[in-house]
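The values are calculated or read from the model by the stated rules, or taken from the named source; none is laboratory data. The structure displayed is predicted, hence computed values, not measured ones. When we count neighbours, we look across all protein chains shown, and the Cβ atoms used for this are built from the backbone with ideal geometry, even at glycine.
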């Protein structure tokens, strides 16, 4: 893919950006902001999310503050490169819910000259790296870690503490099921 600047064809450089953090930290809000700015710049944008995330909308990517952007739900990240044609920017939300095919999908798109912006939880409710996020973080050119505010002490929070008893790794939820906590408050709450 080439970008025409002053009559010269210059190869377009792809890249991978990751926005990560705990629940309620503004990951999706930042993803939407970057994608809307790309649209303002007249770039062609496609957005994808996992089919299982139907909390706010079946098709739209929606942040906790009700900002939204239209997206395409997909069963597998492996499908994303197959669904992309003639775009400049690809956004992927809730990346932690995809399998490791997300790594190849991101590399394929970036190697084709596409700017890829990925948002997702970096840790699960147990405080462990979540899904393909560690691998995506390692191949990214740019990483932004955003923080919520600890619901116990007001410090910066990086953990998604699950308030309900359920051992399933994936449990879609909101403020009834989860709250953001700092390291200290998370460790205290986890011992109960």
Query raised in the report: Yes or no: residue 93 surrounded by 17 or more Cβ atoms within 10 Å (Cβ to Cβ), touching a residue at least 40 places away in the same chain (Cβ under 8 Å), under 30 Å from residue 40 (Cβ atoms) and in contact with a strand residue (DSSP E or B) (Cβ under 8 Å, 6 or more places away or on another chain)?
Result: yes
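Give the residue, chosen from 113, 127, 120, 154, that is over 15 Å from the mean Cα position of the chain (by Cα) and within 18 Å of residue 96 (Cβ to Cβ). Walk me through how you get there before you give the answer.
Values: 113 fails: within 18 Å of residue 96 (Cβ to Cβ); 120 fails: over 15 Å from the mean Cα position of the chain (by Cα); 154 fails: within 18 Å of residue 96 (Cβ to Cβ).
Sole residue among the options that is over 15 Å from the mean Cα position of the chain (by Cα) and within 18 Å of residue 96 (Cβ to Cβ): 127.
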Query raised in the report: Which condition number in (1) surrounded by fewer than 20 Cβ atoms within 10 Å (Cβ to Cβ); (2) farther than 30 Å from residue 163 by Cα; (3) at pLDDT below 95; (4) in contact with a strand residue (DSSP E or B) (Cβ under 8 Å, 6 or more places away or on another chain) is the one that residue 47 fails?
Result: (1)
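Looking at this structure, is residue 113 buried (at least 17 other Cβ atoms within 10 Å of the Cβ), at positive phi and in contact with a strand residue (DSSP E or B) (Cβ under 8 Å, 6 or more places away or on another chain)? Break it down into steps so the answer makes sense when it comes.
Working: buried (at least 17 other Cβ atoms within 10 Å of the Cβ): no; at positive phi: yes; in contact with a strand residue (DSSP E or B) (Cβ under 8 Å, 6 or more places away or on another chain): yes.
Criteria not met by residue 113.
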Query raised in the report: What are the residue pairs meeting all of these: first residue in segment 12-32, first residue at positive phi and outside any strand (DSSP E or B), second residue surrounded by fewer than 20 Cβ atoms within 10 Å (Cβ to Cβ) and modelled with pLDDT of 95 or more, Cβ atoms under 9 Å, and 6 or more apart or on different chains?
Result: 24/149; 24/151; 26/146; 26/147
